[in-house]
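What follows draws every value from the coordinates through simple rules; no lab data is involved. Just so it is clear, the structure is predicted and the values come from calculations on it, not from any experiment. Neighbour counts run over all protein chains shown; Cβ positions are idealised from the backbone, glycine included.
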Amino acid sequence: MAKIHTFTIHSLQNQPIDFTQFEGKVLLLVNTASKCGFTPQYEGLQKLHDTYKDDGLVVIGFPCNQFGEQEPGEPDEIKNGCLINYGVDFLITEKIDVNGPDAHPIFQFIKEACPGLMGNDIKWNFTKFLVARDGTPQRRYAPITKPKKLESKIKRLLKNG
């Protein structure tokens with residue numbers, strides 16, 4: 001099976017992000033939007049980041065405007081909204097598509113590795129994916145799953161790989 005470490009993307013500031021730098025880390029990948037009913041989950045994601053970053057957790061937000069056009073902003077607007085409203089300092093990527101023919105390869109890969117209940121497409125903002133230290137996707141979580149609910153699984157992955 002392929003590993004997540006083979007991918008690259010750009011940050012919100014248009015800097016390249018090579019996923020080889022995350023080898024040996026547990027990843028929490030989330031498609032995000034700043035004008036969504038689930039947007040307050042940024043707070044819980046930030047708390048996970050603050051609590052477990054020194055243990056090897058990397059939280060990455062992937063802004064996406066495919067669901068109700070709830071991420072319409074330009075990079076500076078997205079960054080300022082995350083920072084000002086939720087104190088986010090975990091990694092945020094460039095705005096991407098997560099479904100359809102223009103879906104970013106990271107999401108093509110992760111959706112195939114962790115299919116949803118009713119097909120592989122992501123249904124809404126704040127779908128979450130956990131990836132083990134070795135780069136293998138572990139599980140998909142629905143948008144309604146609050147970040148706090150992932151904590152025990154994150155702890156296990158941090159401890160056991």
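Summarising the overall dimensions of segment 5-161 from its C-alpha atoms, the Rg and Dmax are 14.2, 39 angstrom. Each residue of segment 117-134 in order: what ³J(HN,Hα) in whole Hz does its phi give by Karplus 6.51 cos²θ - 1.76 cosθ + 1.60, θ = phi - 60°, with x for Gly and Pro? Residue by residue, segment 117-134 yields 5, 10, x, 7, 4, 6, 8, 6, 4, 6, 6, 10, 10, 9, 10, 6, 4, 7 Hz. Each part reduced to its alpha carbon centroid, segment 87-161 and segment 41-70 end up 10 Å apart.
Just so you know, the Rg over Rh for segment 14-70 is 1.02, from Cα atoms, with Rh as the Kirkwood radius. Among the trypsin sites (Lys or Arg not before Pro) found in segment 85-127, those both in a DSSP coil and sparsely packed, with 16 or fewer other Cβ atoms within 10 Å of their Cβ, are Lys123.
Could you list the square roots of 5 times each eigenvalue of the Cα gyration tensor of segment 112-161, that is, the equivalent ellipsoid semi-axes, sorted largest first and rounded to whole Å? Intermediate values should be presented prior to the final figure.
Details: eigenvalues 81, 39, 9 Å².
Ellipsoid half-lengths, sorted descending, are 20, 14, 7 Å.
Taking every DSSP beta bridge that has both residues in segment 4-160, what percent is antiparallel when rounded to the nearest 5?
Values: 13 of 23 bridges.
DSSP beta bridges in segment 4-160 are roughly 55 percent antiparallel.
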